[in-house]
Amino acid sequence: AISALQVPWTVAMRTGDASSRDKRLARQGQAEVLVITPESLALLLSYPDTQAQLAGLRCVIVDEWHELLGNKRGVLLQLCLARLRAIASPALRIWGLSATLGNLPQARDVLLPHRPDAVILDAARPRSLRLRTLLPETGERFPWAGHLGLSHLQRVCQAIAQTRTTLLFANTRAQAELWHRALAAVWLDDADALALHHGSLDAALRGRVEQGLRDGRVRCVVATSSLDLGVDFPAVDQVIQIGSPKGLARLLQRAGRARHRPGEAGDILCVPTHALELAEYAAARVALAEGRIEARSPPVLSLDVLAQHCVTLALGGGFDAQALLAEVRGTHAFAGLDEI
């Protein structure tokens, strides 16, 4: 995107998969744009010379805020942002981006506790979505328990064969591995056209799978949440969800991977692993029709995360206890922190 805009910026990535070049650029503050995770940001703050490098920071964009809002990774980010505001304020601007949040005002207040008047832009036209459920045949025996759903293997194969490219989402890595193995056993296309993608795989292998989707060489990828966020594949025609997505927000996020082209509707085929999930899909369809998305509740007083943050700052040059207490109380997560 930067090259398309013809902006002469150096862009680096600082995550667990980052190259040595990107890690060096991030460490030395030589990149105009740094793509980073909350954990890697905390690591940067543990170096004594980081404060001088970050003093010129002007903008932080928190993408997919809904994925951080309701867990301790989001708490860690709140603490890191408080430190960044102390280092770079008042020039620092913070933006939060999210497509699937049911509690936008609260999400704004958690991210920007110092700016209760911050504007919420919620003018995007919702993308139409078709949600289908793979139903058992009339009279077919259907389990009341279980989590794999491999009894639907033949029907899932038929659905994959009818489209050019499919993302098949599983909720766990073990489930993804089993489904990939089952599909491979009956796969009639080129073996390289079927792929597996999850966070435990080597970054280079995941990169080849993602590029294969973009190029159209891969027809089906069995994935976990590793492909929920941060990647867009215009070539994907269909998304299949194995089992319950555990919430409408995740279902929408995964469905959005399909047909990500202007003017086209999303499409997702839901595969129940047991009978009770039929009711879950029916409820999801009602919620979708009414435009209801569940709220993400932000944790408070996560003292283990605070202890970790204190160690980080101690390594990064130390801190004044009273000043840090005031800084930490400026976050949503620790606004009610007692001094003792």
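The values are calculated or read from the model by the stated rules, or taken from the named source; none is laboratory data. This one's a predicted model, so the numbers in the text were calculated from it and none came from an experiment. Reconstructed Cβ throughout: ideal geometry from the backbone, glycine too, with neighbour counts over all protein chains shown. Side chains included, ligands, DNA and RNA excluded: accessible areas come from the protein's heavy atoms. Shrake-Rupley method; radii C 1.70, N 1.55, O 1.52, S 1.80 Å.
For Ile120 and Arg93, compute 0.36 nm times the residue count separating them, minus their Cα-Cα distance, and round to one decimal in nm.
Numbers: separation 27, 0.36 × 27 = 9.72 nm, distance 1.43 nm.
Length gained between Ile120 and Arg93: 8.3 nm.
The phi torsions of segment 267-281, fed into the Karplus equation with coefficients 6.51, -1.76 and 1.60 and a -60° offset, translate into couplings of 8, 9, 10, 9, 10, x, 8, 8, 5, 5, 6, 4, 5, 4, 5 Hz, rounded to whole numbers, with Gly and Pro shown as x.
Would you please classify the overall shape of segment 1-103 from the alpha carbon gyration tensor, given that a ≥ b ≥ c denote the square roots of the eigenvalues, rounded means a/c under 1.5, and beyond that prolate means a/b larger than b/c while oblate covers the rest? Write down the numbers at each step before the final one.
Values: a/c = 1.45, a/b = 1.21, b/c = 1.20.
Cα axes put segment 1-103 in the rounded bin.
So how tilted is helix 203-215 from the main axis of the chain? Cα-based, degrees 0 to 90, rounded to 10. Helix 203-215 and the main axis of the chain meet at about 60 degrees. The calculated 222 nm mean residue ellipticity attributable to helices in the chain amounts to -11500 deg cm²/dmol, summing -39500 (n - 2.57) over DSSP H runs of n ≥ 4 and dividing by all residues. When a 1.4 Å probe is rolled over the protein heavy atoms, the share of accessible surface on segment 1-116 that falls to carbon and sulfur comes to 55 percent. With K and R counted +1 and D and E -1, the other residues having a Cβ less than 14 Å from that of Val311 yield a net charge of -1. Applying the Karplus relation 6.51 cos²θ - 1.76 cosθ + 1.60 with θ = phi - 60° to segment 143-160 yields 3J(HN,Hα) values of x, 9, 8, x, 9, 8, x, 5, 5, 8, 3, 4, 5, 5, 4, 5, 5, 5 Hz, where x marks Gly and Pro. Computed from the C-beta positions of Ala182 and Asp63 and an R0 of 41 Å, the FRET efficiency is 0.75 to the nearest 0.05. Taking θ as phi - 60° and the Karplus parameters 6.51, -1.76 and 1.60, the scalar couplings of segment 72-81 work out to 6, 4, x, 5, 4, 5, 4, 5, 5, 5 Hz in sequence order, x denoting glycine and proline. Looking only at segment 17-49, which residues have a backbone nitrogen under 14 Å from a spot 7 Å from the Cα of Gln6 in the C-beta direction? Answer for this model: none. Taking every protein chain into account, the accessible area of segment 80-238 amounts to 55 square angstrom per residue (probe 1.4 Å). Computed from Cα positions, the angle between helix 303-315 and the longest principal axis of the chain comes to roughly 50 degrees.
How much net charge surrounds Ser302 when only the other residues with a Cβ under 12 Å from the Cβ of Ser302 are counted, with Lys and Arg +1 and Asp and Glu -1?
On the way: positive: Lys72, Arg73; negative: Asp304.
With Lys, Arg at +1 and Asp, Glu at -1, the neighbours total +1.
For the chain, the dipole from Cβ point charges (+1 on Lys and Arg, -1 on Asp and Glu) about the Cα centre works out to 480 debye, to the nearest 20.
Only one of [x] 94, 50, 38; [y] 83, 64, 45; [z] 70, 40, 36 was calculated from the structure for Cα extents along the principal axes in Å, and its label is [z]. Here's how it looks for Asp267: its modeled amide H is under 5 Å from those of Arg130, Val239, Ala258, which are all 5 or more places away or on a different chain.
Among rounded, prolate and oblate, which fits segment 70-182 when a ≥ b ≥ c are the square roots of the eigenvalues of its C-alpha gyration tensor, a/c under 1.5 means rounded, and a/b larger than b/c means prolate?
Working: a/c = 3.14, a/b = 2.43, b/c = 1.29.
Prolate.
Based on alpha-carbon centroids, what's the gap between segment 75-145 and segment 1-32 in Å, whole number please? Segment 75-145 and segment 1-32 have Cα centres spaced 25 Å from each other.
Using heavy atoms of the protein chains and a probe of 1.4 Å, the accessible area assigned to Leu168 is about 0 Å². Put simply, the amide H of Val62, placed in the peptide plane, has neighbours under 5 Å in Trp95, Gly96, Leu97, leaving out anything fewer than 5 places away on its chain.
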